[in-house]
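Quick notes on the structure that follows.
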Amino acid sequence: MIQPSGDTHLLKVRNLNKRFGKGCTHCHSPNDLKNNDNRCPKCGSVWACIDVNVDLYQGEILGIVGESGSGKSSLVKSLYFDDAVTSGEATISTYHDGKANIFSVSAQQKRYIRNYMMGMVYQNPWLGLKMSFSSGGNIAEKLIASGTYHVGNIRERASELLLHVEIPVGRMDELPKNFSGGMQQRVQISKAMANNPPILLLDEVTTGLDLSVQAKVLDLIRSIQREFGVSMIVVSHDLGVIRMLADRTLVMKSGRVVEQGLTDQILEDPEHPYTQLLVHSLL
């Protein structure tokens, strides 16, 4: 795995804020909230992300860990434009020379970024796959969105991707709803990788899977990173997953990043009380 060095940022996120709810005079800014809470006691609005900064380097795996409701999933869904941000900036070094705030570009350009620059793997495969399409059809959807229309080329690429995630080509025309959870996640990964995006976002991809299946999915993620050099953001509530995959780790609580650093450093010598609690719960 590649360690950060010099100015090799691929993705920069600065001061990302995401609020769910209309807000009121008591929570116009997250700084208006008291006691480090992220929920407004007056209107019930929730600041899922508060002034979040993220640096993703070429070829690294960045882990984001925290309990349910910490804001980690809201962060990656905002990056993939599933949710609109309230404020903030993000740039990709290979998109407009890293000078365009991707949150402010047109809807057409956001589709371009989703189709060419990023891939997303959701915790729930039903969000990432169309269960009424075959496995190959799901991959074809991603390829067609990026301008590949030749049926032979699409099927060849789908076969290649499914083989890479250890799904028999003979099952390419089957519906993923008939697959096991682990196989559905592998189809999702193959779909996300269809256009060789430089950034892959993975949101709790092993949650709910049997331990043996989790291990296979994690091995697959590591092999993809090694073979293709893709940069990844891996979201998990499980520090064991982060330990296996991540070069660096951000710890989130109540919408805020409370600690960050090299994963080994975070696990061996956590500084923030919340991180200490997470690490001790793993032991």
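What are the semi-axes of the equivalent ellipsoid of segment 47-104, taken as the square roots of 5 times the eigenvalues of the Cα gyration tensor, listed largest first and rounded to whole Å?
20, 15, 9
In nm, to one decimal, how far is the modelled label at D32 from the one at F228, with both set 7 Å along Cα→Cβ?
With each label placed 7 Å out from Cα toward Cβ, I get 4.3 nm.
Mind checking which of V52, A140, V213 is farthest towards the positive end of the chain's charge dipole, using Cβ charges of +1 (Lys, Arg) and -1 (Asp, Glu) about the Cα centre?
Farthest towards the positive pole: A140.
Semi-axes of segment 119-216's equivalent ellipsoid from the Cα gyration tensor, sqrt of 5 times each eigenvalue, largest first, rounded to whole Å?
Result for segment 119-216: semi-axes of 21, 15, 12 Å.
Order these by the 10 Å Cβ neighbour count, fewest first: F103, F133.
F133, F103
From the Cα trace of segment 9-282, what convex hull volume per residue do you get, rounded to a whole Å³?
It comes to 134 Å³ per residue, whole-number rounded.
So what's the net charge close to S132: Lys and Arg +1, Asp and Glu -1, counting the other residues with Cβ under 15 Å from its Cβ?
Around S132, the surrounding residues sum to 0.
Taking Cα pairs under 8 Å and at least six residues apart, what relative contact order does the chain come out at, in percent?
25
Considering only the other residues whose Cβ falls under 15 Å of the Cβ of T25, what net charge follows from Lys and Arg at +1 and Asp and Glu at -1?
Value of the local net charge: +3.
Kindly identify segment 1-131 as rounded, prolate or oblate by the Cα gyration tensor criterion: order the square roots of the eigenvalues as a ≥ b ≥ c, call it rounded if a/c is under 1.5, otherwise compare a/b with b/c, prolate if a/b is larger, else oblate.
Prolate, because a/c is 1.5 or more and a/b exceeds b/c.
Between W126 and D97, what's the calculated FRET efficiency when r is the beta-carbon distance and R0 is 45 Å? Round to 0.05.
0.75
Which value, in debye to the nearest 20, gives the size of the charge dipole of segment 27-140 about its Cα centre, when Lys and Arg are +1 and Asp and Glu are -1 at the Cβ?
Computed charge dipole of segment 27-140: roughly 400 debye.
Length gain on complete extension for the stretch V169 to N153, per 0.36 nm per residue less the alpha carbon to alpha carbon distance?
Net length gain for the segment: 4.3 nm.
Kindly state, to the nearest 0.05, the FRET efficiency for T25 paired with D264, given R0 = 45 Å and r defined as their beta-carbon distance.
Result of the calculation: an efficiency of 0.50.
Determine, from the Cβ-Cβ distance of N196 and Q276 and an R0 of 41 Å, the FRET efficiency 1/(1 + (r/R0)^6), rounded to the nearest 0.05.
0.55
Give me the aspartates and glutamates in straight-line cross-link reach of K110: C-alpha distance below 13 Å, same-chain residues under 8 apart excluded.
Within the straight-line limit of under 13 Å, K110 reaches these aspartates and glutamates: D82, D83.
Are there any trypsin sites (Lys or Arg not before Pro) in segment 81-163 that are in a DSSP loop and have at most 11 other Cβ atoms within 10 Å? List them by number.
Answer by residue number: K99.
Quick one: of K77/K99; K77/K191; K22/K77; K99/K130; K12/K216, which pairs are farther than 25 Å apart, Cα to Cα?
Going by Cα-Cα distance, K99/K130; K12/K216 fall outside the 25 Å limit.
Let me have the 222 nm mean residue ellipticity of the chain computed from DSSP H runs of 4+ only, each contributing -39500 (n - 2.57), with the sum over all residues rounded to the nearest 500.
Theoretical 222 nm ellipticity from helices: -10000 deg cm²/dmol.
Just for the chain, what percent of DSSP beta bridges are antiparallel, to the closest 5?
55
Explain nothing, just the number: dipole magnitude of the chain about its Cα centre with +1 on each Lys and Arg Cβ and -1 on each Asp and Glu Cβ, in debye rounded to the nearest 20.
Around 960 debye, computed over the chain.
Once a ≥ b ≥ c are taken as the square roots of the eigenvalues of the Cα gyration tensor of segment 206-258, is the result rounded (a/c under 1.5), prolate (a/b larger than b/c) or oblate (a/b not larger than b/c)?
oblate
Count the net charge of all other residues whose Cβ sits under 15 Å from the Cβ of D82, scoring Lys and Arg as +1 and Asp and Glu as -1.
Around D82, the surrounding residues sum to +3.
A short reminder: the numbers here are calculations on the coordinates, not readings from a lab. A quick note: this is a predicted structure, and the numbers were derived from the prediction, not measured. Please note: Cβ atoms are built from the backbone with ideal geometry, for glycine as well, and neighbour counts cover all protein chains shown.
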